[in-house]
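The values are calculated or read from the model by the stated rules, or taken from the named source; none is laboratory data. Keep in mind that what you see is a predicted model, and the values were worked out from it rather than measured. Every residue, glycine among them, receives a Cβ derived from its backbone with ideal geometry; neighbour counts consider all protein chains shown.
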Amino acid sequence: MAAPDQIAAELLQHLGGADNVVGVEHCMTRMRIAPRDRDRIDEAAIRATDGVLGIVDDDTFQIVLGPGAVTRITAAFRTRLAEAGGATGSDAEALASRGADIKASQKRRNDTPFKNLIRKVANIFVPLIPALIGAGIVAAVRGLIVNWDAVGAAPEWVAGLIPALTAIGSAFFAYLAIFAGINAAKEFGGTPAIGGAVAAIIVFPGIADVTYSLPVVGEITLAPGQGGVIGAIFAAVLASWIERGLRGRVPDAIDILVTPTLALLGSGLATIFAFMPLAGAIATGIGSGAVWLLQVSGVLAGLVLGGLFLPLVMLGLHQALIPIHATLIEQLGFTPLLTILAMAGAGQVGAAIAIWIRLRRNASLRRAIKGALPVGVLGVGEPLIYAVTLPLGRPFLTACLGGAVGGAVAGAFNQFVAPWGATAIGPSGLALLPLLQSDAGQGYALLAYVVGLLAGYVAGFAITMLFGFPKALLAEHGGLDADDDAEAAVDGAIAPTAATPGTRIAVAAPAEGRIIGLDDVPDAAFSQRALGDGFAVDPTSGRFVSPVAGTLTAIFPTGHAFGVTTPDGLELLVHIGLGTVALEGEGFTVLRAEGDVVEAGDAIVEVDLDAVRGRVPSLVSPVVVLNGDAWPIVDRGGDAPITVAAAAPATTASDA
């Protein structure tokens with residue numbers, strides 16, 4: 001891989017330059033960019049940049065770089081950005097300054113109240129992940145030393161480290177609510193210091209002196225830490241709301257005195273008399289509910305959670321689960337949810353090994369697996385997702401099924417033996433081993449986790465080997481043996497031999513409507529036959545079908561075009577409307593996937609003609625023969641708009 005500084009320089013250029021970058025931050029595997037104008041980003045060039053594993057275009061523009069590398073490349077990127085006079089602030093600061101133009105560019109499917117709330121909650125905790133990992137590992141080392149000292153084998157100087165390690169590993173978790181309050185205030189438009197101040201009430205030892213009575217509930221005595229991060233987020237959000245409401249209404253001369261005082265007082269009273277009892281009950285409910293669920297239906301819960309976690313990681317929404325993990329640790333001393341979700345990574349590892357074996361001819365893919373598999377074993381699944389399983393399609397689904405099996409096994413231990421989980425948030429895979437704990441003993445937790453991982457590895461491998469490789473995928477990525485070629489040819493997945501000269505194929509219309517010639521298509525590329533000869537249809541129905549039997553060799557995610565290749569080698573392009581790519585899939589429903597074998601008349605794309613009409617230059621849909629030299633048009637009209645025939649192979653002087 002190229003040097004981080006070189007990669008950073010290339011990324012800065014492809015992102016549209018320093019003036020197009022409002023902010024930059026990173027998490028465990030992704031560099032998160034807040035761009036000023038998304039249209040200036042060259043996504044294709046970014047994907048082709050050495051070291052880039054994938055792109056997620058969401059609330060922020062996320063470049064997947066992998067663990068370790070993301071830290072070095074982001075640091076180099078910030079240096080380059082600063083040298084060019086650009087902004088280097090965090091996501092939260094960038095989001096507030098981008099303005100209406102960036103919000104308007106968000107994809108409609110992600111602009112929902114629920115998804116916006118999930119993103120805000122995730123943004124509160126993403127900056128805390130490095131400290132969560134560091135404190136968790138220190139606490140794990142401390143636990144090992146305690147066990148060592150308990151059997152009397154540790155030297156005296158080692159035992160003396162225990163109090164220091166206890167302070168280092170526990171302090172951050174003890175005051176996690178304050179950090180959550182600071183970040184929540186940032187995210188919801190308040191002053192970070194006020195968010196931290198009101199959250200500090202929750203962990204203040206003197207809160208134990210507060211006693212009061214409420215109707216129905218009765219007498220309440222508060223305890224330090226009651227409500228934890230949930231109460232801290234409630235408090236900080238309310239403080240931010242009060243602060244925003246007062247700004248502009250309080251005279252400037254006294255704003256600095258009145259606004260923070262009222263915001264802190266109002267949210268502080270609400271925290272003491274409402275949020276701490278309420279959040280404490282919620283936190284207790286989460287802990288008790290998790291234990292009950294896993295004891296009653298641990299296998300089913302593990303199956304569902306383990307199977308769905310990879311898509312959450314792919315979308316970057318898995319960080320929203322951190323408050324639940326933190327609450328479970330507060331309530332139980334460990335989070336059984338994290339260890340079940342970690343099984344998704346095991347399914348991914350097993351699938352990657354299957355891909356290594358089945359696609360053994362694909363050297364570049366094997367290199368990607370070689371680089372991504374070690375960190376996958378350690379629990380970081382994104383490199384395998386973006387570089388291996390997701391681009392291949394079906395192996396991503398089989399990896400999810402492998403994770404579901406591992407999750408079911410992990411849940412079975414909770415259901416039939418005893419609850420167990422992780423004492424800290426962050427690591428996964430084998431890296432989670434030192435952080436495992438259970439009331440039944442650390443040894444039991446280790447056994448349950450290892451058995452679950454092995455089940456995920458084996459299931460991910462076996463399911464992918466059996467169901468993860470359709471013939472079209474094997475043919476495209478170098479996974480077919482000689483014996484497989486003949487079988488695939490019978491199924492029509494790949495062309496067996498050149499067609500016999502004179503073989504005729506009727507090309508049907510892809511939709512109901514009026515048939516017109518390419519000369520009448522209002523687009524120069526088609527009317528001048530730059531792509532080839534053919535015909536067009538002015539559709540009256542939005543159901544677009546395959547005009548011939550064959551394999552879908554290309555289909556755009558936007559649904560605006562697809563390609564079909566027959567077993568004899570005829571290649572057709574169907575372009576639905578003109579200028580429809582600009583709709584980015586709006587009004588289009590893709591029904592089939594690339595690599596599917598289809599019959600003539602099988603539906604490929606459904607189009608809402610009423611929604612699309614008026615937003616594009618024309619709905620006229622060309623059908624083009626891409627390899628017209630080999631399959632010239634020999635007839636027009638009749639039972640089919642056109643009929644083509646296989647041409648005789650060209651001869652050369654040496655043939656003669």
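Ala82 meets the conditions (1) of a type in the set (A, V, I, L, M); (2) surrounded by 15 or more Cβ atoms within 10 Å (Cβ to Cβ); (3) at pLDDT below 75 in every case but one. The failed one is (2). Evaluating Ala301 against the criteria (1) over 24 Å from Leu401 (Cβ atoms); (2) surrounded by fewer than 24 Cβ atoms within 10 Å (Cβ to Cβ); (3) outside the structural domain of Gly228 (by TED's automatic domain parsing); (4) touching a Gly at 6+ places or on another chain (Cβ under 8 Å) leaves one unmet condition, (1).
Could we say that Gly585 is outside any strand (DSSP E or B) and over 30 Å from Gly502 (Cβ atoms) here? Yes. Within segment 204-244, the set of residues being aromatic (Phe, Trp, Tyr) and in a helix (DSSP H, G or I) comprises Phe234, Trp241.
Answer yes if at least one residue in segment 571-578 is in a loop (DSSP other than H, G, I, E, B), within 36 Å of the chain's Cα centre (by Cα) and without any contact (Cβ under 8 Å) to a residue 40 or more places away in the chain, and no otherwise. Scanning segment 571-578, I find no residue that is in a loop (DSSP other than H, G, I, E, B), within 36 Å of the chain's Cα centre (by Cα) and without any contact (Cβ under 8 Å) to a residue 40 or more places away in the chain, so the answer is no. Criterion first (at pLDDT 85 or above, over 30 Å from the mean Cα position of the chain (by Cα) and either outside the structural domain of Val417 (by TED's automatic domain parsing) or buried (at least 16 other Cβ atoms within 10 Å of the Cβ) (or both)) does Ala281 satisfy it? So Ala281 passes the test. The residues of segment 625-654 that are touching a Phe, Trp or Tyr at 6+ places or on another chain (Cβ under 7 Å) and among the β-branched types (Val, Ile, Thr), listed by number, are Val625, Ile642, Val644.
Residue under question is Gly502, and the condition is that it be farther than 25 Å from Asp608 by Cβ and without any contact (Cβ under 8 Å) to a residue 60 or more places away in the chain; does it hold? No: the conditions fail for Gly502.
Residues in segment 610-640 that are surrounded by fewer than 18 Cβ atoms within 10 Å (Cβ to Cβ), part of a helix (DSSP H, G or I) and either in contact (Cβ under 8 Å) with a residue 24 or more places away in the chain or at positive phi (or both): Ala611 only. Can you find even one residue in segment 186-208 that is surrounded by fewer than 15 Cβ atoms within 10 Å (Cβ to Cβ), charged (D, E, K, R) and either over 18 Å from Val121 (Cα atoms) or out of contact with any Leu (no Cβ under 9 Å at 6 or more places or on another chain) (or both)? No, every residue in segment 186-208 fails to be surrounded by fewer than 15 Cβ atoms within 10 Å (Cβ to Cβ), charged (D, E, K, R) and either over 18 Å from Val121 (Cα atoms) or out of contact with any Leu (no Cβ under 9 Å at 6 or more places or on another chain) (or both).
For the criterion of being part of a strand (DSSP E or B), in contact with a strand residue (DSSP E or B) (Cβ under 7 Å, 6 or more places away or on another chain) and modelled with pLDDT under 75, Val56 passes. Of all residues in segment 284-298, those satisfying the criterion of being buried (at least 16 other Cβ atoms within 10 Å of the Cβ) and among the small types (Gly, Ala, Ser) are Gly287, Ala290, Gly298.
Can we say Val521 is among the hydrophobic types (A, V, I, L, M, F, W, C), modelled with pLDDT under 90 and assigned by TED's automatic domain parsing to the domain that holds Ala554? In short, yes. If you go through segment 524-558 and keep only what is of a type in the set (A, V, I, L, M, F, W, C) and either modelled with pLDDT of 90 or more or within 22 Å of Gly587 (Cα to Cα) (or both), you end up with Phe535, Ala536, Val537, Phe544, Val545, Val548, Ala549, Leu552, Ala554, Ile555, Phe556. Considering segment 402-417, and only residues there that are surrounded by fewer than 21 Cβ atoms within 10 Å (Cβ to Cβ) and part of a helix (DSSP H, G or I), the residue that is farthest from the chain's Cα centre (by Cα) turns out to be Phe416.
Filtering segment 195-228 to residues that are of a type in the set (S, T, N, Q) and in contact (Cβ under 8 Å) with a residue 12 or more places away in the chain leaves Thr221, Gln226.
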